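Q: Submitted below is the structure of interest, expressed as structure tokens.
The values are calculated or read from the model by the stated rules, or taken from the named source; none is laboratory data. Please read all numbers here as calculations on a predicted model, not as lab measurements. Cβ sites come from the backbone with ideal geometry, for glycine too, and all protein chains shown count toward neighbours.
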């Protein structure tokens, strides 16, 4: 791409970063929105199905399964506020897609939530996934990300007093 073509589409590098984050959000959002775990009847099964999908996606090159907006957040959090805001919106909006199922599971399973709620668990889910991606990058292989998802799944099963299926 020539410099003229670049600036025809983007006013700045920040504008490109924001566009990339939005594109990632749309692309991955569509994939998760159409995933088969949404068809499960039990809301806890849907949350666990989401985690199963996340583990299934951990394959191939690190760049293929780790989160682009998570990486961009780490790079831009102090220097590029528009990029940070676009990435934060993507991450927090994605976490929010889990909240309704978590809340329904809390009600169905009668779980004590004095120290947590659906929103905090949804956000913790994203934190654990992002942390697993960082560990995978540091190790140079996918296993730490897989194990992070497995630990997260066991944690959620324990919260809801669900015997582990793994």
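A quick yes/no check of all residues on (1) at pLDDT below 90; (2) out of contact with any helix residue (DSSP H, G or I) (no Cβ under 7 Å at 6 or more places or on another chain); (3) over 28 Å from residue 144 (Cβ atoms); (4) not in a loop (DSSP other than H, G, I, E, B):
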site	(1), (2), (3), (4)
7	yes, yes, yes, yes
11	yes, yes, yes, no
17	yes, no, no, yes
37	no, no, no, yes
48	no, no, no, yes
58	no, no, no, no
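Q: Also, I was wondering about something else. Does segment 136-144 include one or more residues that are surrounded by fewer than 18 Cβ atoms within 10 Å (Cβ to Cβ), more than 14 Å from the chain's Cα centre (by Cα) and under 30 Å from residue 14 (Cβ atoms)?
A: First, the residues of segment 136-144 that are surrounded by fewer than 18 Cβ atoms within 10 Å (Cβ to Cβ): 137-141, 143.
Among the residues that remain, those that are also more than 14 Å from the chain's Cα centre (by Cα) are: 137-141, 143.
Retained after the next criterion (residues that are under 30 Å from residue 14 (Cβ atoms)): 137-138.
For segment 136-144, residues surrounded by fewer than 18 Cβ atoms within 10 Å (Cβ to Cβ), more than 14 Å from the chain's Cα centre (by Cα) and under 30 Å from residue 14 (Cβ atoms): present.
Q: Has segment 104-124 got any residue that is modelled with pLDDT of 90 or more and on the phi > 0 side of the Ramachandran plot?
A: Within segment 104-124 (the criterion being modelled with pLDDT of 90 or more and on the phi > 0 side of the Ramachandran plot), the answer is yes, since at least one residue qualifies.
Q: Taking residue 63 as meeting all but one of (1) at pLDDT below 95; (2) surrounded by 10 or more Cβ atoms within 10 Å (Cβ to Cβ); (3) assigned to a helix (DSSP H, G or I), write down the number of the exception.
A: Single failed check for residue 63: (2).
Q: Among the residues of segment 24-35, write down those that are assigned to a helix (DSSP H, G or I) and either closer than 21 Å to residue 102 by Cα or in contact with a helix residue (DSSP H, G or I) (Cβ under 9 Å, 6 or more places away or on another chain) (or both). Let's see the steps before the verdict.
A: Narrowing segment 24-35 to residues assigned to a helix (DSSP H, G or I): 24-33.
Answer for segment 24-35, where residues must be assigned to a helix (DSSP H, G or I) and either closer than 21 Å to residue 102 by Cα or in contact with a helix residue (DSSP H, G or I) (Cβ under 9 Å, 6 or more places away or on another chain) (or both): 24, 25, 28, 29, 30, 31, 32, 33.
Q: Further, regarding this structure: If you scan segment 135-166, which residues turn out to be part of a helix (DSSP H, G or I) and free of Cβ contacts under 8 Å to residues at least 40 places away in the same chain? Please lay out each step first, then the result.
A: Step one: list which residues in segment 135-166 are part of a helix (DSSP H, G or I), which gives 135-139, 143-159.
Those that are part of a helix (DSSP H, G or I) and free of Cβ contacts under 8 Å to residues at least 40 places away in the same chain: 135, 138, 139, 143, 144, 147, 148, 151, 154, 155, 158.
Q: Turning to a different aspect of this structure: Identify the single condition in (1) surrounded by 16 or more Cβ atoms within 10 Å (Cβ to Cβ); (2) part of a helix (DSSP H, G or I); (3) more than 11 Å from the chain's Cα centre (by Cα); (4) in contact (Cβ under 8 Å) with a residue 24 or more places away in the chain that residue 82 does not satisfy, given that it satisfies every other one.
A: In the conditions (1) surrounded by 16 or more Cβ atoms within 10 Å (Cβ to Cβ); (2) part of a helix (DSSP H, G or I); (3) more than 11 Å from the chain's Cα centre (by Cα); (4) in contact (Cβ under 8 Å) with a residue 24 or more places away in the chain, residue 82 misses (1) alone.
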